[in-house]
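In what follows, a single structure is set out as structure tokens and then discussed.
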Amino acid sequence: MEFNNRDQAKEYIKSQIENYLKQKGIDTRKPFKCLNPTHADKNPSMSYDSKRNKAHCFSCGADYDTLDLIGLDYNLSDSKDIFNKAYEIYHITIKGEPNNSEFIDFIEPIKKEDKTMQDTHISIHTEKYTDTYTQDYTAFYDEAHSHIGNTDYPAKRGLSQEVIDRFNIGYIAEWKHPKTPTAPISPRLIIPTGRHSYIARETTPGVKDYKKVGEVEIFNGQALETAQRPIFITEGEIDALSIIEAGGEAAGLGSTQNTHKLLDLLRDHKPIQPLIIALDNDEAGEVAAGKLTEGLKSLNIAFYKRNPYGDHKDANEALIADRQALTAEIQEAEQEAGDLRREERREYLKNSTANYIAAFINDIDSSVNTPCIPTGFNNLDEALDGGLYEGLYTIGAISSLGKTTFITQAADQIAKAGNDVLIFSMEMARAELMAKSISRETFQLTLPKGETWKAKTARGITAGKRYQEYKQEEKETIYKAIREYAAYAKNIFIIEGAGEVGAKQIRETVEKHISITGKRPVVIIDYLQILSPYNERYTDKQNTDKAVLELKRISRDHKLPVIAISSFNRMSYNGGAKMEAFKESGAIEYSSDILIALQAKGADKDINITEEKKKNPRDIELVILKNRNGAAGITLHYSYNTLFNHFSEIVPY
């Protein structure tokens, strides 16, 4: 495919990103795992953005076009190498230019009087380009270093002979890149970045150009494991040398596109000293610093961000302008990094368990005045070692089996005992919950005397027209039930959500309740899957995971029970309740302290669940699937009167 110019070719390559992703086996119609090598993406968080022709990760912020992905997939960082690979992939040629995808097999020897130097250069550069990544350039470096006296370029850049010798920097007066033998020769400073790679930097005054030979490596990367002081991370090799010249220690990326190279290196070679991010003072430097910051956080590596260059663009400009000022800035940055590291160490050592013995004893003393909270279901309280403690309780069941009724009955019983209950109802209105509670009261008032004909359903209480048909004693039963409910309703606080309440609002409401009432409530979430999403761009699973973790934190931070009602996935509608039945079960299973399921009696056998739901009363089993601080696998039995929203504990038979 031939284009008139490179800009046209570039636009075409970028337009091919969807096909490129599909060729990698990615379904672009839905989120996929992030392609950023520094992002351990356990949940699909990257999507194809058709409007911008890019792949974007909503978790780490990575934003890739086709060229970026080619660079990642083929481990290329130099833009020229990336374009050449893209031209090869898409069979692109530019009108008037040679075929970009063909690699050069031979390069002419350096025209130099020194025969030894000529032979050395020939032996190194007459290899095929595809083999240069494995070429050992040690002899070439030594030979080039012997000619460093033939240029004053290092001195003009403020570099001393000591630094030049330390890094074996050399000079070639007539250099050609092995990949482009027909290009004009030029004088180059040779900066080794490893045995198999180096940077050839143009030394002609006014010309800014450098070429990379071999596989890209981090300049002075060995300092990560050997440095005795904080390590500055700079953009260019000359910048790293400038920091070292001014008394610091540094490693150079070589390019802002090489942040992934450093992170890959750090993944296997943890630095023994903190890192100081000090990239160029420009937009590209800021963007790269942001990516590096996220990557270092994910690797849990100590780092600090600092600008020691003042108004100068980079370290070398600062060195040339005022060596003394740069030296002072480096010393100050090192001191600050050292102070922060020591403070970090002190903070970490505070995690020693010995520091928490006094608090542990105080918690035991204070727990005397804050015992567990009984649910009012005696068998359940016994199974839970007395009732509800600080922690996250998740209760689930298939649709319409009675999980909301069970929990709100427990809430009423908790409130009757004088404890506050904070209910976040995302599905049912406040009036509906109140009617169910009053209906239950009518049933409990009439049950002892066998006069349940006086009891009323929630609809029978709220439908005003029906009152005309009720006998006086039926009306009196309703009024008495309302008085009974009113006596403890002062301890029940219902927040209607309708999809507008999320974990953040729950935390704020809990904190406000504690601040105003001075009481820690039992918190009920009905139900988990319809909480307001934490992030609209997250998947349902990501939002549920985040909500579960936040509810767990609320329980821990305020030392109170949080009960979250959860749906079951449809695949679990047949058969007994299991952990995997919980929707988005990963976070629910691992973060819940107590995991409870309701099921129809005999659900683990071949029963017709539709027919079971038609029964009144229903035989319901409560199964404790997980109990972080007690026995699991316990099954309790209940009779559920669906008309009057009432659960009764029964002895198994």
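The values are calculated or read from the model by the stated rules, or taken from the named source; none is laboratory data. No experiment lies behind these values; they were computed from the predicted model shown. Positions of Cβ are generated from backbone atoms using ideal geometry, with glycine treated the same way; all protein chains shown enter the neighbour counts.
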Query raised in the report: So which of Thr544, Thr539, Thr517 ends up being of a type outside the set (A, V, I, L, M) and crowded, with 24+ Cβ neighbours inside 10 Å?
Result: Thr544
Requested in this report: Please state which one of Glu469, Glu476, Glu500, Glu496 is acidic (Asp, Glu), modelled with pLDDT of 90 or more and assigned by TED's automatic domain parsing to the domain that holds Ala415.
Outcome: Glu476
Query raised in the report: Residue check: is Asn100 touching a strand residue (DSSP E or B) at 6+ places or on another chain (Cβ under 8 Å), in a loop (DSSP other than H, G, I, E, B) and at pLDDT below 90?
Result: yes
Query - Residues located in the range 248-273, provided they are within 24 Å of Thr327 (Cβ to Cβ) and surrounded by fewer than 19 Cβ atoms within 10 Å (Cβ to Cβ) - result: Ile272
Query - Per-region count, the range 507-540, residues assigned to a helix (DSSP H, G or I) and within 22 Å of Ala397 (Cβ to Cβ) - result: 4
Report summary line: Subset of the range 7-40, residues in a helix (DSSP H, G or I) and surrounded by 15 or more Cβ atoms within 10 Å (Cβ to Cβ), comes to Ala9, Lys10, Tyr12, Ile13, Lys14, Ile17, Glu18, Tyr20, Leu21
Query raised in the report: What number of residues within the range 448-477 are basic (Lys, Arg), closer than 14 Å to Ser437 by Cα, touching a Ser or Thr at 6+ places or on another chain (Cβ under 6 Å) and in a helix (DSSP H, G or I)?
Result: 0
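Conditions (1) outside any strand (DSSP E or B); (2) at pLDDT 90 or above, marked per residue:
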{"site": "Ala183", "(1), (2)": "yes, no"}
{"site": "Pro187", "(1), (2)": "no, yes"}
{"site": "Ile190", "(1), (2)": "no, yes"}
{"site": "Ala200", "(1), (2)": "no, yes"}
{"site": "Lys208", "(1), (2)": "yes, no"}
{"site": "Gln228", "(1), (2)": "yes, no"}
{"site": "Leu241", "(1), (2)": "yes, yes"}
Query raised in the report: Out of (1) under 29 Å from Ala417 (Cβ atoms); (2) free of Cβ contacts under 8 Å to residues at least 40 places away in the same chain, the odd one out for Asn543 is which?
Result: (1)
**Report entry** Matching strands (runs of 3 or more DSSP E) fully within the range 558-653 where at least 2 residues are modelled with pLDDT of 85 or more and either under 35 Å from the mean Cα position of the chain (by Cα) or exposed (fewer than 14 other Cβ atoms within 10 Å of the Cβ) (or both)
**Finding:** 561-567, 594-600, 618-627
Query raised in the report: Among the listed residues Ala383, Ala411, Ala417, which satisfies the condition of being under 28 Å from Glu432 (Cα atoms), crowded, with 16+ Cβ neighbours inside 10 Å and at pLDDT 70 or above?
Result: Ala411
